[in-house]
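Below: one structure, written as structure tokens.
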Amino acid sequence: MPQLAAPDVRFHASFLDAVREFTDAGSDPAALVGEEIHAYAKTWREPEGFAAFVDMLLAETERPRRPDWVEMTNLWYVQDDVFLGRLSIRHRLNPFLLDLGGHIGYAVRPRVRRRGHATAMLAAALPLCRQLGIDRALVTCDATNTASRKVIEANGGEFEDRRGVKLRYWIRTGN
Ligand SMILES: CC(C)(COP(=O)(O)OP(=O)(O)OC[C@H]1O[C@@H](n2cnc3c(N)ncnc32)[C@H](O)[C@@H]1OP(=O)(O)O)[C@@H](O)C(=O)NCCC(=O)NCCS
């Protein structure tokens, strides 16, 4: 069964495969691994470089990678040693996140899309949001991103409004 797991060096090979898939599909790997990651991309082929990347992701619950970012929990969606996607939970909303970014960001590697992974991954994240004290999670997507909109709606997203290109939905994380 696929599950959300903490980033770990044991996914090194599979993670690099996923990045390659993302690039081949014409997507910026930043969508897969988060922004500001290009510095790590120079070294993450080597075990030490990948370990440093993983450590940075794990530390982000307390040390955001950028001064204007908030603390976040970075999770990988995995099955055995295979990396399927990523999901990040931002612990609180700053003005940018409240407007556009939302609490949760996610991506699924191209080869395994349209199998329900994003829908399941978001569902699995909601109890974790709850544990972090987030009773209602804001999740946003581009108006043109049909797949992401369906993922949000399948998880009970209640549409609030559109701001620029972004559709904003709130999802209750518990009863
Ligand atoms: C958006 C994304 C996460 C969806 O991942 P996924 O695992 O393919 O999603 P699911 O399999 O759970 O599909 C959810 C729904 O979207 C539909 N869908 C998936 N890809 C689609 C596409 N390219 N066009 C239209 N619908 C699509 C599925 O058929 C499914 O619909 P259904 O519920 O009616 O059956 C993935 O396409 C992705 O990583 N995109 C790039 C990053 C991104 O956009 N992240 C979201 C930022 S808000």
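In segment 133-145, what residues are touching a residue at least 12 places away in the same chain (Cβ under 8 Å), assigned to a loop (DSSP other than H, G, I, E, B) and either within 16 Å of the ligand (Cβ to nearest atom) or within 19 Å of Arg163 (Cβ to Cβ) (or both)?
Ala143, Thr144, listed by residue number.
In segment 146-173, which residues are over 17 Å from Leu100 (Cα atoms) and either part of a strand (DSSP E or B) or more than 14 Å from the ligand (Cβ to nearest atom) (or both)?
Across segment 146-173, the qualifying residues are Arg172, Thr173.
Can you go through Val108, Val165, Val112 and tell me which one is farther than 22 Å from Asp8 by Cα and either among the β-branched types (Val, Ile, Thr) or crowded, with 19+ Cβ neighbours inside 10 Å (or both)?
Unique residue meeting the criteria: Val165.
Under the condition of being touching a residue at least 40 places away in the same chain (Cβ under 8 Å) and more than 10 Å from the ligand (Cβ to nearest atom), which residue from segment 115-132 is surrounded by the fewest Cβ atoms within 10 Å (Cβ to Cβ)?
Step by step, filter segment 115-132, then rank; the result is Pro127.
Could you check, for segment 43-65, whether at least one of its residues is within 14 Å of the ligand (Cβ to nearest atom), farther than 23 Å from Arg172 by Cβ and out of contact with any Cys (no Cβ under 7 Å at 6 or more places or on another chain)?
no
Residues to consider are Ala147, Ala137; find the one that is at pLDDT 95 or above and out of contact with any His (no Cβ under 9 Å at 6 or more places or on another chain).
Ala147
Say whether the condition of being away from the ligand (no atom under 13 Å from the Cβ) and not aromatic (Phe, Trp, Tyr) is met by at least one residue in segment 101-112.
Within segment 101-112 (the criterion being away from the ligand (no atom under 13 Å from the Cβ) and not aromatic (Phe, Trp, Tyr)), the answer is no, since none of the residues qualifies.
Can you spot a residue in segment 85-105 that is of a type in the set (Phe, Trp, Tyr) and surrounded by 14 or more Cβ atoms within 10 Å (Cβ to Cβ)?
Checked segment 85-105: no residue is of a type in the set (Phe, Trp, Tyr) and surrounded by 14 or more Cβ atoms within 10 Å (Cβ to Cβ).
Considering only segment 18-38, state which residues are surrounded by 15 or more Cβ atoms within 10 Å (Cβ to Cβ) and modelled with pLDDT of 80 or more.
Ala18, Val19, Glu21, Phe22
In this structure, does Asp24 turn out to be within 15 Å of the ligand (Cβ to nearest atom) and within 23 Å of His103 (Cβ to Cβ)?
no
Scan (1) farther than 21 Å from Ile37 by Cβ; (2) more than 14 Å from the ligand (Cβ to nearest atom); (3) of a type in the set (D, E, K, R); (4) without any contact (Cβ under 8 Å) to a residue 40 or more places away in the chain for the single condition Asp81 breaks and write down its number.
Unmet condition: (4).
Could you grab the pairs with beta carbons closer than 8 Å, sequence gap of 6+ or different chains, first residue in segment 15-28 and of a type in the set (Phe, Trp, Tyr), second one modelled with pLDDT under 85?
Phe22/Asp28; Phe22/Pro29; Phe22/Ala31; Phe22/Leu32
The values are calculated or read from the model by the stated rules, or taken from the named source; none is laboratory data. Everything quoted here is computed from the prediction, not taken from an experiment. Note that we place each Cβ from the backbone using ideal geometry, even for glycine, and neighbour counts take in every protein chain shown.
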